[in-house]
Amino acid sequence: MSEPYVPILFMLGLGFAFAALSVFTSLVVGPKRYNRAKLEAYECGIQPSPQAAGGGRIPIKYYLTAMLFIVFDIESVFLYPFAVAFNKLGLFALVEMVLFILTVFVAYAYVWRRGGLDWD
Amino acid sequence: MSLSTAAYDIALSLPAGVTGLAPANDNPVADFSDTPWWVALIKAVGVFVYLLLSTLLVIWFERRVIGRMQQRPGPNRNGPFGLLQTLADGMKSMLKEDITPANADRIVYTTAPLIAATMAFVSFAIIPLGGTVSIFGHETPLQITDVPVAVLLVLAVASVGVYGIVLAGWSSGSTYPLLGGLRSTAQVISYEIAMGLSLVAIFLYSGSMSTSQIVAAQSSLWYILPAFFSFAVYVITMVGETNRLPFDLAEGEGELTGGFHTEYSAMRFAMFYLGEYVNMFTVSALATTMFLGGWQAPPFIAAIGDGALNGGWWGLLWFTIKLWMFMFFFVWLRGSLPRVRYDQFMRFGWRFLIPITLAWVVAVAFIRGAQLGFLGQGTFTIGGRELSVATVVIVSIVAVIALAAAWIWDDKRAEREAAAEFNPPEEIDPFEGGFPVPPLPGQRLREPSGLAVGSGAASREPVTSSVTSTLTSSPVKEETHG
Amino acid sequence: MGLEEKLPSGFLLSTVEGLAGYMRKASIWPATFGLACCAIEMMAVGTPDYDIARFGMERFSATPRQADLMIVAGRVSQKMAPVVRQVYDQMPNPKWVISMGVCASSGGMFNNYAIVQGVDHIIPVDIYLPGCPPRPQMLLNAIIELHKQIETSPLGVNREAAARAAEEAALSATPTHQMKGLLA
């Protein structure tokens with residue numbers, strides 16, 4: 001195999017084909033007897049509210065989590081090439097990485113102090 | 001910089017023996033040169049069927065084992081030993097009515113389960129299931145493919161899989177799915193950071209992100225030993241990643257009904273179900289590959305017949321056994337632990353796992369640096385084993401710091417517990433708060449001061465005064481005025 | 001209408017009927033739905049002594065979207081009636097109902113203005129289960145009876161024929177007020 005990434009697409013294709021086929025079959029095969037109540041949102045049997053909570057908008061808290069995730073995830077991804085090339089880079093990499101992780105810790109401590117990691 | 005460049009030169013000029021287990025190149029060791037595309041396709045289909053059958057089996061396994069843990073038989077009516085149970089569940093879902101709520105965003109609502117199910121399968125493409133075997137005359141590794149960034153691919157695919165959850169929650173147009181989807185997403189991405197960090201230690205040891213390379217590097221020592229802490233963190237985060245008990249907050253029935261899949265029925269729901277279980281297999285397979293030597297036989301079996309049982313198709317057996325150990329662990333957790341609270345869960349992830357894993361990465365980097373001789377070349381001999389001075393010093397420093405941290409943490413906790421302990425006063429005034437309060441066990445009621453003398457108004461004086469001070473418009477006050 | 005209901009009568013339909021019946025019967029997920037004291041007995045069915053999991057029914061789904069069976073466990077008050085109906089309506093087809101206990105079946109001892117005199121006033125019931133409350137064994141018996149019904153339930157044209165026959169039988173039956181004797 002000259003191109004090692006192609007078999008990943010095989011797996012993707014198989015998974016998607018199976019999922020799509022199953023859902024499609026169930027759409028064709030299953031009974032369809034709809035009524036108004038069946039198509040309403042489920043809210044424990046009481047009259048459903050016309051929209052999801054907050055009009056379908058997402059609480060700001062989750063944006064914060066998402067942004068923190070991006071910051072720290074990218075930082076952890078930066079550690080990967082360092083770790084892989086560690087035995088070639090030597091002491092230089094070690095010192096650099098400690099400095100990098102210290103910087104991450106400063107950001108982390110800041111977020112903690114400002115209440116970014118508080119859940120109630 | 002002169003110091004570091006000097007060490008860099010030393011590192012490059014080291015003989016191969018000093019660098020220990022670390023392989024020099026970071027490319028896959030698995031040889032795919034004799035693998036035409038159709039063999040890769042056959043292997044992909046094989047892995048796909050393997051995963052589907054495993055999923056069918058593991059749901060039955062889970063229900064049976066949980067049954068046993070709760071001293072009941074579990075599903076045993078449908079098919080021999082109830083083995084057809086999962087199949088029946090699937091077929092039943094196929095024959096159910098498929099509902100798309102009127103409020104839902106139809107396209108996204110249909111796409112979400114497809115994403116969840118599809119992405120669950122993709123990661124398995126880079127998992128090595130066994131050694132080199134012969135398939136239709138082609139010598140090929142029992143692995144669909146391997147790339148230099150294989151593990152990064154797994155993490156990336158897991159991140160895309162989260163879209164399935166968040167889109168399902170959003171597109172249902174209903175409150176419970178929205179909240180459940182958000183919770184689940186926040187949970188999965190939070191634990192993904194700690195998971196990614198825990199794997200850095202493995203890359204430091206193996207010097208590669210290719211899975212076949214990582215497995216090959218573990219031929220003498222499984223990474224569960226040198227990277228034991230990473231293993232612990234990984235196991236915790238993999239439970240958080242897959243939304244399983246005790247971290248299945250997204251579908252806590254008592255608060256969010258079904259979470260993100262509340263509005264899903266029939267096969268679309270079954271796709272989420274399938275995705276969840278295949279995800280369990282994926283994270284378990286990654287754990288097996290990273291920490292338990294992948295498809296390699298356990299050391300004592302590997303020694304039999306000069307490695308006759310350690311390669312080829314035999315690898316599939318060892319791999320499957322290790323995989324199912326993790327599946328049993330998942331079931332065991334589910335059978336024994338209650339669900340944690342959301343804020344505790346998030347706090348544990350962000351405030352404990354992430355910093356401590358970062359610290360562990362630093363520690364491993366130092367240990368690894370010492371092993372590779374970056375920190376000095378001195379050695380000494382104890383009991384016939386040659387040990388590097390730097391390694392011993394670094395390991396001791398790490399151990400001392402860890403012990404000190406544990407000690408301080410323990411002290412702090414004891415202090416906090418002592419502070420939090422509520423010592424009820426020995427004596428209470430039952431009318432202090434304005435209404436009568438019964439005493440706690442071991443408490444005495446405060447005797448009104450002048451009771452023994454007997455004049456009613458005088459003896460009740462302290463009580464009524466406290467009542468009037470707290471309840472300004474109470475009838476008692478009016479009485480005293482009137 | 002789904003494909004299963006468009007199949008022509010004959011060998012194919014009876015095969016599909018048998019297979020679909022078995023699959024549906026083998027995997028009935030009840031909706032979490034307890035109304036009163038009978039619900040305690042319903043929960044007891046999940047305990048080791050009775051173990052509803054043997055039939056693959058331990059997956060009580062919290063949402064009606066994934067439920068097949070509604071066990072109306074307990075008296076239905078007038079105020080609860082719309083909720084019962086809504087939850088029933090939101091369950092996807094095919095769906096079944098067990099009316100558990102005399103109160104759900106007929107109002108039972110609550111012969112008053114506050115209680116619906118039998119849940120069949122608001123939703124169609126497949127199995128009536130007497131008892132006040134019925135023991136877990138009785139609920140298991142009701143479930144097994146329901147399994148038999150589901151396994152032999154007709155599809156497509158056969159289903160229409162069966163519905164016609166049932167209607168004919170109901171029309172030609174003696175009305176209750178004309179029955180004489182002990183009504184046994």
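The values are calculated or read from the model by the stated rules, or taken from the named source; none is laboratory data. Keep in mind that this is a model prediction, so the values were computed, not measured. Cβ atoms come from the backbone with ideal geometry, glycine included; neighbour counts cover every protein chain shown. Heavy atoms of the whole protein, side chains included, go into the accessibility calculation; ligands, DNA and RNA do not. Shrake-Rupley method; radii C 1.70, N 1.55, O 1.52, S 1.80 Å.
Based on alpha-carbon atoms only, what is the radius of gyration of region B:80-133 relative to the globular estimate 2.2 N^0.38 Å? Intermediate results must be reported in sequence, preceding the final value.
Working: Rg = 17.3 Å, N = 54, 2.2 N^0.38 = 10.0 Å.
Region B:80-133 yields a ratio of 1.72.
Go through C:24-36, B:56-68 and give me the packing order, highest mean Cβ count within 10 Å leading.
Details: C:24-36: 21.9, B:56-68: 19.2.
Ranking, from highest mean packing down: C:24-36, B:56-68.
Looking at this model, which pairs from A:88/B:43; B:96/C:25; A:38/B:96; B:322/C:25 are more than 24 angstrom apart at the alpha-carbon? Intermediate values should be presented prior to the final figure.
Working: A:88/B:43 35 Å; B:96/C:25 13 Å; A:38/B:96 14 Å; B:322/C:25 35 Å.
Those over the limit are A:88/B:43; B:322/C:25.
Going by Cα centres, region B:146-209 and region C:72-147 are how many Å apart?
44
Considering only C-alpha atoms, what is the centroid distance from region B:32-67 to region A:50-120, in Å?
Comparing the Cα centres of region B:32-67 and region A:50-120, I get a distance of 35 Å.
Mean projection of the alpha-carbon convex hull of chain A over all orientations, in nm²? Mind showing how you got there, number by number?
Working: hull surface 59.8 nm².
For the Cα atoms of chain A, the hull's average projected area reads 14.9 nm².
Suppose the chain between residue B:347 and residue B:106 were pulled fully straight at 0.36 nm per residue; how much longer would it get relative to their current alpha carbon spacing? Before the final figure, lay out the partial values.
Values: separation 241, 0.36 × 241 = 86.76 nm, distance 3.57 nm.
Computed gain between residue B:347 and residue B:106 is 83.2 nm.
Got the relative contact order for region B:25-340 handy, in percent, Cα pairs under 8 Å and 6 or more residues apart?
Values: 508 pairs, mean separation 80.3, N = 316.
Relative CO of region B:25-340 lands at 25 percent.
Mean-square fluctuation check for chain C, GNM, Cα pairs under 10 Å: which of C:142, C:161, C:104 is largest?
Residue with maximal mean-square fluctuation among C:142, C:161, C:104: C:161.
What does the charge count around residue C:82 come to, taking other residues whose C-beta lies under 13 Å from its C-beta (Lys +1, Arg +1, Asp -1, Glu -1)? Numbers along the way, then the final one.
Details: positive: C:79, C:85; negative: A:40, A:43, C:89.
For residues surrounding residue C:82, the net value is -1.
Under a 1.4 angstrom probe, counting protein chains only, how are A:68, B:323 ranked by accessible area, largest first? Don't skip to the end; give the middle numbers.
Details: A:68 20, B:323 0 Å².
In descending accessible area the options line up as A:68, B:323.
As a test, work out the antiparallel percent of DSSP beta bridges whose residues both lie in the protein assembly as shown, rounded to the nearest 5. Intermediate results must be reported in sequence, preceding the final value.
Working: 9 of 22 bridges.
In the protein assembly as shown, DSSP labels about 40 percent of beta bridges as antiparallel.
With a 1.4 Å probe and all protein chains kept in place, how do A:40, B:432 rank by accessible area, largest first?
On the way: A:40 30, B:432 115 Å².
Output order, biggest surface exposure first: B:432, A:40.
Which helices of chain C meet both criteria: a Cα extent of 20 Å or more along the helical axis and a mean Kyte-Doolittle score no lower than -1.0, with helices taken as whole DSSP H segments?
Working: long enough: C:11-26 (23 Å, 0.53); C:136-151 (22 Å, 0.15); C:156-172 (24 Å, -0.21).
Membrane-span-like by this rule: C:11-26, C:136-151, C:156-172.
Between residue A:3 and residue B:435, take the C-beta separation as r, use R0 = 56 Å, and let me know the FRET efficiency to the nearest 0.05. Don't skip to the answer; put the middle values down first.
Numbers: r = 79 Å, r/R0 = 1.41.
The formula returns an efficiency of 0.10 here.
For region C:1-151, how big is Rg over Rh, using alpha carbon atoms and the Kirkwood form of Rh?
Working: Rg = 16.0 Å, Rh = 16.0 Å.
Rounded to two decimals, Rg over Rh is 1.00.
Translational diffusion coefficient of the protein assembly as shown at 10 °C, 1.306 mPa s, Stokes-Einstein with Kirkwood Rh over Cα pairs, in µm²/s as a whole number. Before the final figure, lay out each step's value.
Details: Rh = 30.6 Å.
D = 52 µm²/s.
Report the FRET efficiency, 1/(1 + (r/R0)^6), for residue B:387 and residue A:21, where r is their Cβ-Cβ distance and R0 is 45 Å, rounded to 0.05.
Details: r = 60 Å, r/R0 = 1.32.
Rounded to the nearest 0.05, the efficiency is 0.15.
Which value, in Å², gives the accessible area per residue of chain A when a 1.4 Å probe is used on the protein heavy atoms? Don't skip to the end; give the middle numbers.
Numbers: 6500 Å² over 120 residues.
I get 54 Å² per residue for chain A.
Averaged over C:47-53, how many beta carbons belonging to a partner chain fall within 10 Å of each residue's beta carbon? The partial results should precede the final answer.
On the way: counts 3, 5, 2, 1, 8, 1, 13.
Other-chain Cβ atoms within 10 Å of each residue's Cβ, averaged: 5.
I'd like the accessible area for residue C:177, computed on protein heavy atoms only with a 1.4 Å probe and all protein chains in place. Round to 10 Å², please.
Using a 1.4 Å probe on the heavy atoms, I get roughly 150 Å².
In the neighborhood of residue C:114, defined by Cβ-to-Cβ distances under 12 Å, what is the net charge if each Lys or Arg adds +1 and each Asp or Glu adds -1?
Working: positive: C:75, C:79; negative: none.
Value of the local net charge: +2.
Ignoring ligands, DNA and RNA, what accessible area per residue does region B:25-340 give at 1.4 Å, in Å²? The partial results should precede the final answer.
Values: 9980 Å² over 316 residues.
That works out to 32 Å² for each residue.
Give the percent of DSSP beta bridges with both residues in chain C that are antiparallel, rounded to the nearest 5.
Working: 1 of 12 bridges.
Expressed as a percentage, antiparallel bridges in chain C total about 10.
Can you tell me the orientation of helix B:461-470 relative to chain B, as the angle in degrees between its alpha-carbon axis and the longest Cα principal axis, to the nearest 10?
50
In peptide C:14-27, how many Cβ atoms from other protein chains are near each Cβ within 10 Å, on average? Let's see the in-between values first.
Details: counts 0, 0, 2, 0, 0, 2, 5, 0, 5, 11, 5, 4, 12, 14.
Average per residue, whole number: 4.
Averaged across the residues of B:353-360, what count of C-beta atoms belonging to other chains lies within 10 Å of each residue's C-beta? List each step's numbers first, then the result.
Details: counts 0, 6, 5, 0, 1, 9, 2, 0.
Across B:353-360, the average partner-chain Cβ count within 10 Å equals 3.
Test of understanding: what is the full-extension gain from residue B:443 to residue B:407, defined as 0.36 nm times their sequence separation minus their Cα-Cα distance? It would help to have the intermediate numbers written out before the result.
On the way: separation 36, 0.36 × 36 = 12.96 nm, distance 3.63 nm.
Stretched out fully, the residue B:443 to residue B:407 stretch lengthens by 9.3 nm.
Between A and B, buried accessible area summed over both sides at probe 1.4 Å, in Å² to the nearest 100? Intermediate values should be presented prior to the final figure.
Details: alone 10940 and 25760 Å², together 29370 Å².
Interface between A and B: roughly 7300 Å².
Taking the highest mean first, how do the peptides B:385-394, B:127-136 order by number of other beta carbon atoms within 10 angstrom per residue?
Details: B:385-394: 15.4, B:127-136: 19.4.
Highest to lowest by the protection proxy: B:127-136, B:385-394.
So how do B:146, C:126 rank on accessible area, 1.4 Å probe, biggest first, that is with the largest at the start? Present the calculation step by step, with values, prior to reporting the outcome.
Working: B:146 5, C:126 55 Å².
The residues order as C:126, B:146, largest area first.
As I understand it, the dipole of chain B uses +1 on the Cβ of Lys and Arg and -1 on the Cβ of Asp and Glu, about the Cα centre. Which of B:420, B:408, B:237 lies farthest toward its positive end?
Toward the positive end, the furthest listed residue is B:237.
Based on the Cβ-Cβ distance of residue B:70 and residue B:377, what FRET efficiency does E = 1/(1 + (r/R0)^6) give at R0 = 45 Å, to the nearest 0.05?
0.15
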